[in-house]
Amino acid sequence: MNLQKQMLTMETKAKLSTLWIFVLLNVIFRDLHELAKPEYLEELMNGQVTEQMLLLAGFMIEVPIAMVLLSRLLPYGANRWTNIIAAVIVLSLLIMYGTTDLDDTFFIIVKIAALSLVIWTAWRWRNPYLKQHTIGQEVSS
């Protein structure tokens with residue numbers, strides 16, 4: 001593979017990884033923002049947050065954490081599809097659990113935009129390893 005194709009692959013991997021970092025930071029800061037609400041703290045202190053809820057939250061945060069690394073390490077094909085599938089899963093969970101107030105709505109809109117960009121970038125990412133033939137060039141088998 002020539003240098004230009006290597007650079008394009010590294011650039012796309014870096015873009016995807018950076019988008020996942022952006023999503024992750026939005027998740028973290030939204031959660032920190034929730035801690036400022038007295039009713040949320042009350043729910044935590046009264047035990048209204050169950051183990052199942054914590055497990056789901058752990059899964060939801062682990063996907064973006066893993067994708068920061070996997071976007072850098074996986075080869076082209078696996079990377080492309082893993083990014084698309086992971087973004088669809090996170091988007092589905094965001095939409096399924098919805099919003100409870102105005103600040104949640106703001107953070108969800110930002111995360112939806114970033115995850116949509118992950119899907120768009122991965123979907124449009126073309127295989128850098130395929131030879132591109134020009135008109136008049138013979139394709140050998």
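Here are some notes:
- Flag if residue 26 is under 14 Å from residue 121 (Cβ atoms) and either of a type outside the set (A, V, I, L, M) or in a helix (DSSP H, G or I) (or both): no
- Check on residue 80, part of a helix (DSSP H, G or I), more than 30 Å from residue 130 (Cα to Cα) and charged (D, E, K, R): no
- The set of residues in the stretch 83-125 that are surrounded by 12 or more Cβ atoms within 10 Å (Cβ to Cβ), free of Cβ contacts under 8 Å to residues at least 40 places away in the same chain and assigned to a loop (DSSP other than H, G, I, E, B) comprises 99, 100.
- All conditions in (1) in contact with a helix residue (DSSP H, G or I) (Cβ under 7 Å, 6 or more places away or on another chain); (2) in a helix (DSSP H, G or I); (3) of a type outside the set (Ser, Thr, Tyr) hold for residue 54, with the sole exception of (1).
- Of all residues in the stretch 40-57, those satisfying the criterion of being at pLDDT below 90 and surrounded by 10 or more Cβ atoms within 10 Å (Cβ to Cβ) are 40, 41, 42, 43, 44, 48, 49, 53, 54, 56, 57.
The values are calculated or read from the model by the stated rules, or taken from the named source; none is laboratory data. Given the structure is predicted, the values throughout are model-derived calculations rather than measurements. Cβ: placed from backbone, ideal geometry, glycine included. Neighbour counts: every protein chain shown.
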